[in-house]
Amino acid sequence: MREKGKEKLNRELQNILRGSFITKVDDKGRIKIPTAFKRIILEEYGPNLYITSLTGESVRIYPFPVWAEIEEKLLTLPSMHPTKLRVVDVSSYFGQIATMDKQGRVLIPQKLREEARMEGEVAVLGHLRYLEVWNDQLFREKRLAVPLTEEDLRILSELGI
């Protein structure tokens with residue numbers, strides 16, 4: 001039984017979306033999912049995605065089954081829970097179901113493209129089970145303005161990381 005648990009963990013670790021890649025937004029507002037991410041998404045989840053944002057600063061690209069898990073958890077909260085309402089409002093406002101094409105391209109919804117300044121070079125960051133896409137220049141500025149602090153490292157240590 002322990003071996004099956006280790007095998008499952010090893011498989012999950014192999015299929016984590018990690019690292020970052022720079023790509024460009026094309027004239028039609030599409031980005032090409034980097035090959036390493038594309039392979040994992042297609043093998044583990046299929047081509048269907050949910051594209052949204054929680055802040056408007058960046059784009060989140062969820063494999064649809066991952067997004068469906070989030071929706072299942074949201075469904076368990078009371079319908080008038082204020083945090084639930086805010087998350088559903090903003091994720092729906094920016095959200096759109098999409099399908100990755102054979103070349104690995106996906107269209108970023110226009111409203112979100114404009115809000116998150118998705119133009120030119122963008123950084124595609126692996127966030128374990130979803131991708132986060134930033135205007136590369138904006139991400140550099142954010143990284144410098146909000147660096148990883150000693151307090152962050154202390155909290156991670158307390159969490160056993």
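What follows is calculated from the coordinates using simple rules that are stated; it is not laboratory data. Since the model is a prediction, treat every value here as computed from it, not as a measurement. Ideal geometry is used to build each Cβ from the backbone, glycine not excepted, and the neighbour counts take in all protein chains shown.
How many angstrom lie between the C-alpha centres of the range 66-86 and the range 90-141?
Cα centroid of the range 66-86 versus Cα centroid of the range 90-141: 22 Å apart.
Where in the range 53-69 does the amide nitrogen come within less than 19 Å of the point 7 Å from the Cα of LEU77, taken along Cα to Cβ?
From the range 53-69, the list is 53-57, 60-62, 66-69.
Given the pairs LYS38/LYS84; LYS32/LYS111; LYS4/LYS32, which are separated by over 27 angstrom at their Cα positions? Walk me through the intermediate numbers first.
On the way: LYS38/LYS84 30 Å; LYS32/LYS111 19 Å; LYS4/LYS32 35 Å.
The answer is LYS38/LYS84; LYS4/LYS32.
I'm spelling it out carefully: the read-out is Cα extents along the principal axes in Å, the candidates are (1) 68, 32, 25; (2) 52, 38, 37; (3) 39, 34, 30, and one was derived from this structure. Which label?
The listed entry that was calculated here is (2).
For the chain, what is the mean residue ellipticity at 222 nm derived from helices alone (per DSSP H run of n ≥ 4: -39500 (n - 2.57); sum divided by total residues; nearest 500 deg cm²/dmol)? Mind showing how you got there, number by number?
Values: 7 runs with 73 residues, N = 161.
The per-residue figure over the chain is -13500 deg cm²/dmol.
Answer with one residue from VAL25, ILE41, ALA68: the one whose Cα lies farthest towards the positive end of the charge dipole of the chain, charges on Cβ with Lys, Arg +1 and Asp, Glu -1.
Of VAL25, ILE41, ALA68, it is ILE41.
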